[in-house]
Amino acid sequence: MQRYLFQIQMSYAECQDMYQQQIRYVVVHTHLGKTVRLPKENLRPFLLPDGIYGQFELITDANNKIKSLKKLN
């Protein structure tokens, strides 16, 4: 299992662009400098009227399949 911590700051307009275009992934950089591609569908639960903001924790299995993605307080 791998654990990744990262921050997202996307305005609502940026999120709309992401969903209206043929973009399939959002690329984030972890706190340790690793680049991770997230399918955009995994971010939908975190979309609020002002966008997506906050610290997140991603857990993946040995095959890099997402086990959990949650927003940290």
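Couple of notes before you dig in:
- Taking segment 30-71 as the range and being among the acidic types (Asp, Glu) and closer than 16 Å to Gln7 by Cα as the test, the residues that pass are Asp50, Glu57.
- Looking only at residues in segment 1-23 that are in a helix (DSSP H, G or I) and modelled with pLDDT of 85 or more, the one that is nearest to the chain's Cα centre (by Cα) is Cys15.
- Test for Thr60: is it in contact (Cβ under 8 Å) with a residue 12 or more places away in the chain and among the hydroxyl-bearing types (Ser, Thr, Tyr): yes
- Test: residue in segment 62-69 that is surrounded by 10 or more Cβ atoms within 10 Å (Cβ to Cβ), touching a Gly at 6+ places or on another chain (Cβ under 6 Å) and not aromatic (Phe, Trp, Tyr): no
- One residue from Arg24, Arg37, Arg44 being in contact with a Pro (Cβ under 9 Å, 6 or more places away or on another chain) and among the basic types (Lys, Arg): Arg24
- Subset of segment 1-32 [within 20 Å of Asn63 (Cβ to Cβ), surrounded by fewer than 12 Cβ atoms within 10 Å (Cβ to Cβ) and not basic (Lys, Arg)]: Met1, Val27
- Among the residues of segment 33-61, just one is modelled with pLDDT under 95, of a type in the set (A, V, I, L, M) and either more than 21 Å from Gln22 (Cα to Cα) or exposed (fewer than 13 other Cβ atoms within 10 Å of the Cβ) (or both), namely Leu48.
The values are calculated or read from the model by the stated rules, or taken from the named source; none is laboratory data. Note that the structure is predicted; figures quoted are calculated from it, not measured. Backbone-built Cβ (ideal geometry, glycine too); neighbour counts: all protein chains shown.
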